[in-house]
Ligand code: HEM
């Protein structure tokens, strides 16, 4: 693998073909905030301290045009102002309060219990098999079912939602078309519009019914707003958790001493979960649009400029993490930015962590050794980091 001095950050294959960690190390050292040429071009922010302060500065950096580079480069997100992740204050706060009410401890407690049951059942089943694809047999079933339980999605619909979801943000195929991804997003939103209409008329005890019947800012959400916010939960809830589970297994397979430490209890599950999240950095970047002229890391940014915040670089910043390319499940403190920071901090962080905790606990109980037995298939994306398949054997 080569280490280029220049990387086209809009190219979905760049992160698979090149050693991005070395690239980012060089960027942090020599040009921690730089202008990436393109049409339009955009700012790249690489240091932990700068990424952190950009996440916090919601006055100068807006999410409303979109928060994913590809979406911003192709004209912006039509869900701006309606979907939580792409809404600015004051509406963001109203929507977020509504969503957080839907994520009450009672709801989360019940969902977490199901996560533990499902994970331990799946791991016990695959532990008896020989070689298998961890992504297909385990990782695909946990987060999607968790979020579907939360939203009470009928079992029969879950497979098609997962298929659309995989197409919506990333691609397992380097040649894949952007149109497929747009089509998949539309399918998901159409699906949730129907479900929201139905639940509004006949509400149950689930998050969709709660969002469909509650008020934000003194009025009920429109059906489109309900659908977009459900979509945002499915997207956020499935992909990032799925790739972090796959990364957890791959990384422990590659670090047998750390795996032994976890099994023997000299590394705690909770610190290991945080290190997996840092190591995996499932969402490589998030993006913003400057609302006014400002300075970031000494560079002059103009109102209207796109600013990309690279979690993948911030999580490996040697100013914050001692020997960042060492996988250390006992690392503490571990101030990774995998869930973002500030007002848009991930609303699913509790569930994302619970899923990884359940996975690592179930694995330590029944698996002595993890072996990767084939070539894992990488995901081609400049947003989502990880693997679409992982052939393994558990001993
Ligand atoms: C926001 C990562 C799991 C739903 C975010 C953000 C990050 C992130 C970095 C901040 C985005 C920004 O600042 O623009 C992750 C990772 C996860 C995960 C790495 C798993 C390991 C989940 C889950 C859910 C979820 C399980 C749903 C249950 C959301 C939503 C937002 C969000 C709705 C928008 C919050 C807002 O704008 O106020 N996530 N997420 N995420 N995440 Fe997650």
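Assorted remarks:
- Condition met for residue 81 (more than 16 Å from residue 293 (Cα to Cα), away from the ligand (no atom under 12 Å from the Cβ), part of a loop (DSSP other than H, G, I, E, B) and at pLDDT 95 or above): yes
- Where residue 191 falls short, out of the listed (1) touching a helix residue (DSSP H, G or I) at 6+ places or on another chain (Cβ under 6 Å); (2) away from the ligand (no atom under 16 Å from the Cβ): (1)
- Search result, residues across region 244-257 that are more than 24 Å from residue 147 (Cα to Cα) and either in contact (Cβ under 8 Å) with a residue 60 or more places away in the chain or within 8 Å of the ligand (Cβ to nearest atom) (or both): 251, 252, 253, 254, 255, 256
- For region 344-394, a tally of residues being away from the ligand (no atom under 11 Å from the Cβ) and touching a strand residue (DSSP E or B) at 6+ places or on another chain (Cβ under 7 Å) returns 20.
- Criterion violated by residue 324 - all others in (1) surrounded by 14 or more Cβ atoms within 10 Å (Cβ to Cβ); (2) closer than 30 Å to residue 124 by Cβ satisfied: (2)
- First in region 216-243 and in a loop (DSSP other than H, G, I, E, B), second anywhere and more than 13 Å from the ligand (Cβ to nearest atom), Cβ under 6 Å, 6 or more apart: none
- Counted residues, region 128-162 - those being touching a strand residue (DSSP E or B) at 6+ places or on another chain (Cβ under 8 Å), in a helix (DSSP H, G or I) and buried (at least 17 other Cβ atoms within 10 Å of the Cβ): 2
- Residues that are part of a helix (DSSP H, G or I) and either within 11 Å of the ligand (Cβ to nearest atom) or in contact with a helix residue (DSSP H, G or I) (Cβ under 8 Å, 6 or more places away or on another chain) (or both) within region 92-109 comprise 92, 93, 95, 96, 97, 98, 99, 100, 101, 102, 107, 108, listed in sequence order.
The values are calculated or read from the model by the stated rules, or taken from the named source; none is laboratory data. All values derive from a computational prediction rather than experimental measurement. Note: ideal-geometry Cβ built from the backbone for every residue, glycine included; neighbour counts use all protein chains shown.
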